[in-house]
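**Q** Input: one structure, supplied below.
What follows draws every value from the coordinates through simple rules; no lab data is involved. The shown structure was predicted, so the numbers you read here are calculated from the model rather than taken from an experiment. Using ideal geometry, Cβ is built from the backbone for each residue, glycine included, and neighbour counts are taken over all protein chains shown.
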Amino acid sequence: MPQVEMFPTLRQQIAGVSVVELARRFGTPTYVYDEAKIVERINDLRAFDVIRYAQKANSNLAILDICRRNGVVVDAVSAGEIRRALAAGYSPGGHPHGIVYTADIFDRDALDLVIEHNIHANCGSPDMLDQLGERAPGREVTLRINPGFGHGHSQKTNTGGEQSKHGIWHESLDECLLRADRQGLMVTGLHMHIGSGTDLEHLAQVCGAMERCAEQVGRSLTTISAGGGLPIAYHAGQSYVDLAQYYALWDATRQRLAAKFGHDITLEIEPGRYIPAESGYLISEIRAVKQMGANMFYLLDAGFNSLARPILYGSYHPMSIALASGESDPARVPHHEVVVGGPLCESGDIFTQEEGGFVCKRALPVAQVGDLLVIECAGAYGFVMASNYNSKPLPAEVLIRNETPHLVRSRQTFEDLVRGESIPQ
Ligand code: LLP
């Protein structure tokens, strides 16, 4: 499989637009997405009958619109995500369903929307069957099964096994089929998602578990979903998953089931990260450069309020510098080892850290206050996990289409920060 050879440490442009110009026009920190990369990643997955985007990875309406126009349907995990999908022009019905609600609970808002818009539900807890059945008997449903094992890039993104809260335990499937019957619900789909950022070895194990569960459900089954979990290459030297091999495993599973049941089985995949991760860049400005004993620090105007993956999981993101001087020849710019941190009043606000909070260093070009630092592969689980900690506004988001930048979400203002707050009189 193709390996990512290296990520450049100097970067002048994103998708044909100058980084310095983007920062000047939109301010910093700003997320920038390259539409062409999103479409390229969608096209990688065309072998699957249905590509269902797990919008939790990046739910900006402009991203959802790109997905919709490229024939991708969506997953929603909350009332808010259902409403985003509707706002981006998805209709819930049809085959495949335009929107599927996948969660381990129905909060009351989400259940109301699922009922009102006739949205297909993928139930991850037995209680959901009763809650749906009481209000909407006769519906078709999918069951999300926890096959008893899982794997992710971090223990926090492993969604299988008995330490995970996700899905219906595989041994409870029979009981859930009875519950569904009692509630007049028809089980037409099965879904398994064992974790995020996993690998082919673990993903491949899901096929066998799916086949066993599908046989238990029987002929009412029309759709199986392989879930998400496809990794991307964040480091030089990492390879992409062999998608052809992955598809072949699932296709063989689907074919065997179709032969057994005597009707077609639709095969869905549900990627989150894979679609937007590499399209996204977080542009920040270096606001302080300081030596602390043996360590040189670059402090940015973006912190874990803007991108939380490093502090949450010790995640590695490639980084590059756009020098205000415009110099772009790496041979002419000396590099040194630096620690990269943010502006927050919290010592964990470090982008160069490993899981467990261990601070590490990165070889980056020598830079000054006013130069820009770009955090790359930040299009998935970036903006969506940003927060207002330290009363920092959420960053702006910009989409580049055909070398033209479009502001797709404006930076929050102070008024946005305090909206809804009041002082009792
Ligand atoms: N389907 C379900 C039911 C999921 O829970 C998830 C992710 C996906 C699909 C998409 O998984 P993906 O293809 O993105 O691996 N915040 C973490 C990732 C959490 C993933 C949660 N669920 C991170 O930044 O790595």
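**Q** Give the Rg (one decimal place) followed by the Dmax (whole number) of the stretch 169-236, computed from C-alpha coordinates and expressed in Å.
**A** 14.7, 53
**Q** Is there a pair in K290/K392; K165/K392; K56/K392 whose C-alpha atoms are over 30 Å apart, and which pairs would that be? Can you show the working numbers first?
**A** Details: K290/K392 23 Å; K165/K392 32 Å; K56/K392 22 Å.
K165/K392, as the Cα separations exceed 30 Å there.
**Q** Quick check: net charge around C176, other residues with Cβ under 11 Å of its Cβ, Lys/Arg +1 and Asp/Glu -1? Can you show the working numbers first?
**A** Numbers: positive: R144, R179, R182; negative: D127, D130, E171, D174, E175, D181.
Computed value for this residue: -3.
**Q** Could you work out the local net charge near V241, counting Lys and Arg as +1, Asp and Glu as -1, over the other residues with Cβ closer than 14 Å to its Cβ?
**A** Working: positive: R41, R273; negative: D44, D199, E201, D242, E278.
Neighbour charge sum, excluding V241 itself: -3.
**Q** Cα-based Rg of the stretch 18-158 per 2.2 N^0.38 Å, rounded to two decimals?
**A** Details: Rg = 17.5 Å, N = 141, 2.2 N^0.38 = 14.4 Å.
It is 1.21.
**Q** Could you work out the mean projected area of the convex hull around the alpha carbons of the stretch 124-265, in square nanometres to one decimal? Mind showing how you got there, number by number?
**A** Working: hull surface 35.2 nm².
Across all orientations, the stretch 124-265 yields a mean hull projection of 8.8 nm².
**Q** Where both partners of a DSSP beta bridge lie in the stretch 268-342, what percent of those bridges are antiparallel, to the nearest 5?
**A** Working: 6 of 9 bridges.
In the stretch 268-342, DSSP labels about 65 percent of beta bridges as antiparallel.
**Q** Please give the calculated 222 nm ellipticity per residue for the chain, where each DSSP H segment of at least 4 residues contributes -39500 (n - 2.57) and the sum is spread over every residue; nearest 500 deg cm²/dmol?
**A** Numbers: 11 runs with 112 residues, N = 425.
My calculation for the chain gives -8000 deg cm²/dmol from helical runs alone.
**Q** So for the pair F358, D264, with labels modelled 7 Å out along Cα→Cβ, what separation do we get in nm?
**A** The answer from the label model is 5.2 nm.
**Q** Just E403, E376, E116 to compare: in a GNM of the chain, with alpha carbon springs under 10 Å, which one fluctuates most?
**A** Between E403, E376, E116, it is E116 that shows the largest mean-square fluctuation.
**Q** Right, another one. For q = 0.10 Å⁻¹, what log10 I(q)/I(0) does the stretch 247-388 give under the Debye formula with an equal point scatterer on each alpha carbon and no solvent?
**A** Here the Debye-derived log intensity ratios amount to -0.45.
**Q** Then there's this: Viscosity 1.567 mPa s, temperature 4 °C: Stokes-Einstein D of the stretch 1-62 from its Kirkwood Cα radius, in µm² per second? Before the final figure, lay out each step's value.
**A** Numbers: Rh = 14.6 Å.
In µm²/s, the coefficient is 89.
**Q** Relative contact order for the stretch 271-425 using alpha-carbon pairs under 8 Å, separation at least 6, rounded to a whole percent?
**A** Details: 313 pairs, mean separation 45.5, N = 155.
About 29 percent, as a whole number.
**Q** For the stretch 74-115, just run the numbers: alpha carbon Rg, then divide by 2.2 N^0.38 Å, N being how many residues it has.
**A** On the way: Rg = 9.5 Å, N = 42, 2.2 N^0.38 = 9.1 Å.
Scaled against compact globular proteins, the figure is 1.04.
**Q** Let's test this: bin the Cα-Cα distances of the stretch 250-323 at 5 Å from zero up to the farthest pair and state each bin's percent.
**A** Per 5 Å bin, starting at 0, the Cα pair percentages come out as 3, 10, 13, 16, 12, 7, 6, 7, 6, 6, 5, 4, 3, 1, 0.
**Q** Expressed as a fraction of 2.2 N^0.38 Å, the rule-of-thumb size for a compact globular protein of N residues, what is the C-alpha radius of gyration of the chain? Could the numbers behind the result be given before it?
**A** Numbers: Rg = 22.8 Å, N = 425, 2.2 N^0.38 = 21.9 Å.
The reported ratio for this selection is 1.04.
**Q** Percentage of Cα-Cα pair distances in the stretch 345-398 greater than 19 Å, rounded to whole percent? List each step's numbers first, then the result.
**A** Values: 668 of 1431 pairs.
Cα-Cα pairs in the stretch 345-398 separated by more than 19 Å: 47 percent.
**Q** Another question, then. Would you mind checking the stretch 237-275 for residues with the amide N under 20 Å from a putative spin-label position 7 Å along Cα→C-beta of R69?
**A** Output list for this probe position: 275.
**Q** Report the full-extension gain for the segment L61 to A248: residue separation times 0.36 nm, less the Cα-Cα distance, to one decimal in nm.
**A** Details: separation 187, 0.36 × 187 = 67.32 nm, distance 3.26 nm.
Going from the current span to full extension adds 64.1 nm.
**Q** Could you tell me the distance between the Cα centroids of the stretch 3-62 and the stretch 287-328, to the nearest Å?
**A** That distance is 19 Å.
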